[in-house]
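Participant: What follows is a structure written as structure tokens; I'll ask about it next.
The values are calculated or read from the model by the stated rules, or taken from the named source; none is laboratory data. Just so it is clear, the structure is predicted and the values come from calculations on it, not from any experiment. Neighbour counts are summed over all protein chains in view; Cβ atoms, including those assigned to glycine, are modelled from backbone coordinates with ideal geometry.
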């Protein structure tokens, strides 16, 4: 499932194509994705101007001139693509496999001959509309923790959120109320960089460990964003380009490989925590 860096990559790709343009026509090709499309979906979008695109955690937020926000979650295989009248493919990009048009479930036609397609073979993604002034009451956004690359996130904030928790730190970091937008990949990577075992109880983290972990989380997220995210299975950017951060993985998906930590002769292991694979080095992660 796309995590924060992948959704941020999508937001950055869509912004120059959508911001400031009027949605002239909308095609809705099925009644539902993971959830039903909102009532009068087409009618509520047509004629609106896209004022800006934001992101919160793993959600894309498209702000509309009429006072509503279009919220989109990519699920497992959701993908936005951009078509323009003068689009010329960039040969230096490595492109993902082209999306099958039969899975284009929503298509937005914007002024200036711009077409935005939402393609989702597995249909685990979803879209909804809400009044922008009522954002605090939207269930998907309620109780989210701080963004890991924001000024609101720090070792003090992280330590306070973890204090007294017995859950393994790996599972605590996947709790969106602790830190927003983290998923399995980047939690594994941050824990390895900070030298913290994914099995360690969260209540033992506040203090020095929280300082190391907060830095590692921020660094991993920022590096992944700059690399265009990680392309595993279905993810590709809006122009079809694959992300490159997977080439920097230290532990994720590397079971049996030698640990890359300097001076460590350990081996990357895989365990299962709450039905999710965890990759770590038992020698340098304590």
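Participant: Can you find a residue that is farther than 30 Å from residue 183 by Cα and in contact (Cβ under 8 Å) with a residue 24 or more places away in the chain anywhere in the range 69-81?
Facilitator: Checked the range 69-81: no residue is farther than 30 Å from residue 183 by Cα and in contact (Cβ under 8 Å) with a residue 24 or more places away in the chain.
Participant: Suppose we keep only residues that are in a helix (DSSP H, G or I) and surrounded by fewer than 17 Cβ atoms within 10 Å (Cβ to Cβ) within the range 219-248. Which one would you say is modelled with the lowest pLDDT?
Facilitator: The selected residue is 247.
Participant: Can you name the number of the only condition in (1) assigned to a loop (DSSP other than H, G, I, E, B); (2) touching a residue at least 40 places away in the same chain (Cβ under 8 Å); (3) over 19 Å from residue 58 (Cα atoms) that residue 211 fails?
Facilitator: With respect to (1) assigned to a loop (DSSP other than H, G, I, E, B); (2) touching a residue at least 40 places away in the same chain (Cβ under 8 Å); (3) over 19 Å from residue 58 (Cα atoms), residue 211 is out only on (1).
Participant: Which numbered condition in (1) under 26 Å from residue 221 (Cα atoms); (2) modelled with pLDDT of 95 or more is the only one that residue 5 fails?
Facilitator: (2)
Participant: Working carefully through the options 272, 260, 179, find the one that is at pLDDT 95 or above and either within 27 Å of residue 156 (Cβ to Cβ) or part of a helix (DSSP H, G or I) (or both).
Facilitator: So the residue among 272, 260, 179 that is at pLDDT 95 or above and either within 27 Å of residue 156 (Cβ to Cβ) or part of a helix (DSSP H, G or I) (or both) is 179.
Participant: Further question on the same structure: Quick one: in the range 123-134, of everything that is within 11 Å of residue 68 (Cβ to Cβ) and touching a strand residue (DSSP E or B) at 6+ places or on another chain (Cβ under 7 Å), which residue is surrounded by the fewest Cβ atoms within 10 Å (Cβ to Cβ)?
Facilitator: Checked the range 123-134; the qualifying residue surrounded by the fewest Cβ atoms within 10 Å (Cβ to Cβ) is 131.
Participant: Looking at the range 15-46 only, could you name the residues that are buried (at least 21 other Cβ atoms within 10 Å of the Cβ) and either outside any strand (DSSP E or B) or not assigned by TED's automatic domain parsing to the domain that holds residue 129 (or both)? Don't jump to the end; show me each part of the working.
Facilitator: Going residue by residue through the range 15-46, those that are buried (at least 21 other Cβ atoms within 10 Å of the Cβ) are 17-18, 23, 33, 45.
17, 18, 33, 45, listed by residue number.
Participant: I'm trying to understand the selection: among the residues of the range 1-46, which are farther than 30 Å from residue 145 by Cβ, without any contact (Cβ under 8 Å) to a residue 40 or more places away in the chain and touching a strand residue (DSSP E or B) at 6+ places or on another chain (Cβ under 8 Å)?
Facilitator: Answer for the range 1-46, where residues must be farther than 30 Å from residue 145 by Cβ, without any contact (Cβ under 8 Å) to a residue 40 or more places away in the chain and touching a strand residue (DSSP E or B) at 6+ places or on another chain (Cβ under 8 Å): 20, 42, 46.
Participant: Please give the number of the condition residue 56 fails out of (1) out of contact with any helix residue (DSSP H, G or I) (no Cβ under 6 Å at 6 or more places or on another chain); (2) surrounded by fewer than 17 Cβ atoms within 10 Å (Cβ to Cβ); (3) at pLDDT 95 or above.
Facilitator: Here residue 56 meets the rest and fails (2).
Participant: Out of all the residues in the range 47-67, which are in contact (Cβ under 8 Å) with a residue 40 or more places away in the chain, part of a loop (DSSP other than H, G, I, E, B) and in contact with a strand residue (DSSP E or B) (Cβ under 7 Å, 6 or more places away or on another chain)?
Facilitator: Selection gives 58, 67.
Participant: Among all residue pairs at least 6 apart or on different chains, which show Cβ distances below 7 Å where the first residue, located in the range 128-144, is part of a strand (DSSP E or B) and the second is at pLDDT below 95?
Facilitator: Cβ pairs passing all conditions: none.
Participant: A further question on this structure: Would you be able to say whether some residue in the range 146-155 is touching a strand residue (DSSP E or B) at 6+ places or on another chain (Cβ under 6 Å) and surrounded by fewer than 17 Cβ atoms within 10 Å (Cβ to Cβ)?
Facilitator: Checking the range 146-155: not a single residue is touching a strand residue (DSSP E or B) at 6+ places or on another chain (Cβ under 6 Å) and surrounded by fewer than 17 Cβ atoms within 10 Å (Cβ to Cβ).
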